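Here the structure comes first, spelled out in structure tokens, and everything after it is commentary.
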Amino acid sequence: MALPPHEPENTSPVGRTVRVTGDDLRARTHRDQMHVRLLGVAGGFCVLFAVVAVKLTIATVLHPMAPEKRQIAPQVPEIPKIDPKASLAGDFSLPQVHRASIVDRNGQTLALSLPVAQVYANPQELIDPQDVTQKLKSVLKDLDEAETVRRLSLPKQFVYIARNISPQQELAINSLGIPGIYFEPGERRHYPLGHMAAQIMGTVDIDDHGVAGVERYFDKRLMSDHRPLRLSLDVRVQSVVRDELANAMTTFQAIGACAIVMDVHTGEIVAMVSLPDYDANEFNHATNDARFNRAVTGLYEPGSTFKLQTAAMGLETGTIHIWDRFSSVPIHVGRFKISDMKSDHFSEWLTLPEVMAYSSNPAAAHIALDVGGKKQAEWMRNMGFFAPVPVELPEAARPLVPHQWSISTTMTVGFGHGMAEPPLAIVRGTAATVNGGILLKPTLLEREDAAAAMAGNAPDNPLAQGVQTAALEQAVAQPKPAAAAETPPAQTDTGEEPLPAPEGTRVISEKNSSLLRRLLRLDVTSGTGRTAESPGYFVGGKTGTAEKIGPHGGYLKHVNISAFTGIFPMNTPRYAVYVMLDSPKPTPQTHGWTTAGWNAAPTVSKIISRIGPMLQIFPDTAHAAEIDAAMALPMHPPVPRGVRPLGPGNDPGDPRKAEAARKAEKAAEKQKLAELKKQHGSEVMDE
């Protein structure tokens, strides 16, 4: 009998023997390693995602990152530091702009460039021009939708959408997230004071280059040096002068006016106003009349203000003296007559003080004839009246002067007719008569900043170059008996600080300059300029009224150019003040007169009273009597013993003698011409 198979007694799995091969061990080890690696990679990704999450939180929530420059132009300038003492005034400049700002002498901003942006698009990157336009319209309210859709549909890669948008508009457009819309950084010139010194400032074009005024003259300096350009103007004085001039223009219904305040020792122009004017931010919309700077571009017959030059010329050439007398009897020249508007208050023969105080035209013509036409023309050339005023404005006009110097020209120029000069030229000439005799170069630059500004600005525009060339020609043509003028500095009334010595060419001796100061003071105390007086400021000056020339030539009857050129304080001259009114109308207060003594002179008085304290000059009424006594000049100065004065029986400039000399000269020329023709005819016959 067969036995059943043997079964182990213990069949529990615990006791089962498992055979593990080497391959199994290697597979298990590899699997364990993979688990570790996967855990490591997973941990690494967790850390990476955590870092990214933190960075995103910082970049988008806690500290948002600024947009890239290609997406948005830099907009926010550096915030200026708190400066309660104004120690940094005038030195602040925006880091994002290329054109320097312009400030007045006290640091008040006159012009600055603000960062803006230009919006442009790449039509090839746009999906729906209509939708893009509607989105842009929500920000740019003035956007022309039809034109914008047309431009965005063009087969181009670059089209402008809008220029000079504000930072807020730029950020709003950028937030729309429109693909294909980009920004280009730019800047826009801004004039924060609007009408203030608009004609002096000028403007810039779309490419930010100056096209008028100091913006054009100093274009190179403003683009190359970011430091503010400091002008000699004082906006406080400028504001007062504009205010008083506008009041006078309204009161007397003048069609135009101008005023100038200039330092007679440095030539710094503290104020220059021309009315009507315009908002400097709206240059393109201003009328030609508003853009016209009457102070340097306008050419006017100076009238009796030029008698100051005639008197200075006569004294400096030694032709006349203070005690000489000159005829005030009307002079007939052809069909014209040289006379005074009113002569019942003075005699037929006037001393030099009377000529200036009563402003006699025939007497001034006699002085000019005594000096002679040749010396008169030379005097005018030396005083700069033949060339544009060398000031930093490309609009400076060339004066109109006679080409031939006849006897009639000599007489009419003697009392300010027959030639036309810009008002600044008259102010320059007036300053030379009172500052010790030095002809200055007027400047719109603050004295301490002038050298640096001119060093960084070589005028490369033809107009500015022309002004400098003309000034150079004028300087070369001038005789220089004492070119390096040395004038001892005068003391101010307060005795604080010596005045700067005038720098320029000496044209008048100090002795004659002192005498001319007294003559100008006499015109205000006892002459036609009484209404220019301002108590305590010892004003001196000269009135001038000239008939206006019409558009087709010839003088317009009862239409005048009224002007007053003044100086204060006359005992220690500091500033020249000039006011001109174009075509003023009479008022009941002027009793029907439109002459300068009734309109321009009182305007100067109001200006001086207001700007004096601003310029640290205060009225001195306590010593008024002794100052006036020291400056007093008698109407009839005594004649020194042994001297034969000019006057009745001794009048070398008598027009009758001059006319006879002219006729004799003309006859001699005719005879010489006849002889030349006769000689030429005989030569032809011989041939």
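Observations
- Residue that is within 30 Å of His417 (Cβ to Cβ) and either open to solvent by 50 Å² or more (accessible area, probe 1.4 Å) or at pLDDT 95 or above (or both), where the choices are Ile608, Ile617: Ile608
- Residue match in region 251-268 (condition: under 23 Å from Ile617 (Cα atoms), modelled with pLDDT of 95 or more and within 12 Å of the chain's Cα centre (by Cα)): yes
- You will find that of Ile567, Ile561, Ile549, the residue that is surrounded by fewer than 24 Cβ atoms within 10 Å (Cβ to Cβ) and touching a Leu at 6+ places or on another chain (Cβ under 9 Å) is Ile549 and no other.
- One residue alone among Val14, Val61, Val76 is modelled with pLDDT under 60, out of contact with any helix residue (DSSP H, G or I) (no Cβ under 6 Å at 6 or more places or on another chain), closer than 30 Å to Pro115 by Cβ and open to solvent by 90 Å² or more (accessible area, probe 1.4 Å), and that residue is Val76.
- Residue ranges of helices (runs of 4 or more DSSP H) in region 228-347 with at least 3 members surrounded by 17 or more Cβ atoms within 10 Å (Cβ to Cβ): 235-251, 307-316
- Candidates Lys141, Lys156, Lys137 - the one that is touching a Leu at 6+ places or on another chain (Cβ under 9 Å), surrounded by fewer than 17 Cβ atoms within 10 Å (Cβ to Cβ) and of a type in the set (Lys, Arg): Lys137
- From the list Glu170, Glu147, the one residue that fits, being outside any strand (DSSP E or B) and within 30 Å of His226 (Cβ to Cβ), is Glu170.
- Residue match in region 509-524 (condition: of a type in the set (Ser, Thr, Tyr), modelled with pLDDT of 80 or more and either in a loop (DSSP other than H, G, I, E, B) or surrounded by fewer than 18 Cβ atoms within 10 Å (Cβ to Cβ) (or both)): yes
- Thr148 vs. criteria in contact with a helix residue (DSSP H, G or I) (Cβ under 6 Å, 6 or more places away or on another chain), over 29 Å from Arg189 (Cβ atoms), surrounded by 18 or more Cβ atoms within 10 Å (Cβ to Cβ) and of a type in the set (S, T, N, Q): no
- Meets criteria (among the hydrophobic types (A, V, I, L, M, F, W, C) and assigned to a strand (DSSP E or B)) for Leu633: no
- Filter result for Thr430 (in the same structural domain as Gly372 (by the TED database) and closer than 29 Å to Arg574 by Cα): yes
- Summed over region 546-600, the residues that are in a loop (DSSP other than H, G, I, E, B) and either touching a Gly at 6+ places or on another chain (Cβ under 9 Å) or in contact (Cβ under 8 Å) with a residue 60 or more places away in the chain (or both) give a count of 14.
The values are calculated or read from the model by the stated rules, or taken from the named source; none is laboratory data. Fair warning: this is a prediction, and the values are worked out from it, not measured in the lab. FYI the Cβ positions are ideal-geometry reconstructions off the backbone, even for glycines, and counts take in every protein chain you see. When the accessible area is computed, the model is the full protein with side chains, heavy atoms only, and any ligands, DNA or RNA have been set aside. Shrake-Rupley method; radii C 1.70, N 1.55, O 1.52, S 1.80 Å.
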